[in-house]
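**Q** Okay, here's the structure, questions in a sec.
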Amino acid sequence: MLGFKVIKNKLFGGKDEEVPAADQFYSPLRIGLHSTINVSMIDWLTAKSDLNGSVILPQGSMSILAIGSVDVDSDKIFNIYLMDEALEQFSLQIFCSPNDKGQGMEVREVTLYREVRNVSPQSEEEWNHELYSVGDPSYVLDGQEYKRVWSDNTDAKIDLVPFEETVIRLEETIHYTNNYVLYARDISVAPVHKTELLLIGVEESEDTAELVNRIGLVVPTSAISVQ
């Protein structure tokens with residue numbers, strides 16, 4: 001269907017397969033499946049009124065549902081899937097690359113994502129409608145215009161980019177192919193300049209196929225505390 005590879009639901013699907021304890025503690029910032037995380041969003045409070053109206057900031061400590069990892073050439077992306085005290089779900093994306101001395105990986109950017117839209121078209125006509133603007137140089141969501149970040153040197157429509165992800169939970173490891181394109185819009189809040197990200201992806205399981213929109217806010221590593 002639509003040329004996308006089949007994946008299973010990250011949080012609740014897949015075949016049970018026990019994950020060795022050593023594999024539960026491999027993400028940066030000493031984050032493991034046993035951890036709880038607090039992410040201070042104080043840097044974004046002054047911009048709250050300018051954010052997409054669907055954005056929700058996390059409340060209190062967040063528990064970890066799963067940890068995903070993606071290899072991108074010599075870089076690595078970790079996706080920490082979270083639930084806050086209000087039972088809202090988020091994902092903390094940690095982008096890492098080799099340090100300047102070539103001795104291990106270094107955290108380069110951390111982004112907190114929140115799903116704001118999820119649709120499951122039931123026909124080819126509905127899919128064509130939903131995907132009509134995805135990959136274009138600009139994309140409108142909730143009346144806000146976002147500019148494409150990837151391949152921004154061309155005015156042509158681009159294909160979604162596949163990413164092979166391995167996700168671990170306490171009882172299993174699951175492998176996926178996710179297909180995404182990244183957009184952004186500038187938010188000017190004196191005295192700093194901020195950017196709101198929009199990650200659009202098609203995710204297909206054995207039973208359903210979904211188009212997902214996630215809003216992302218970049219946070220400093222100093223805003224993250226792990227217990």
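Read the figures in this text as sums done on the coordinates, not as results from a lab. Note that the structure is predicted; figures quoted are calculated from it, not measured.
**Q** Which Rg and Dmax, in Å, describe the Cα atoms of the stretch 101-227?
**A** Reported Rg and Dmax, both Å: 16.9, 52.
**Q** In whole Hz, with x marking every Gly and Pro, tabulate ³J(HN,Hα) for the stretch 130-146 from phi via Karplus 6.51 cos²θ - 1.76 cosθ + 1.60, θ = phi - 60°.
**A** Values per residue, Gly and Pro as x: 5, 8, 4, 9, 6, x, 5, x, 9, 8, 10, 9, 6, x, 9, 9, 10 Hz.
**Q** May I ask you to evaluate 6.51 cos²θ - 1.76 cosθ + 1.60, the Karplus curve with θ = phi - 60°, for each residue of the stretch 48-65 and list the ³J(HN,Hα) values in order in whole Hz, giving x for glycine and proline?
**A** Rounded to whole hertz, the list is 3, 5, 9, 6, 3, x, 8, 6, 10, 8, x, 10, x, 6, 10, 8, 9, 8.
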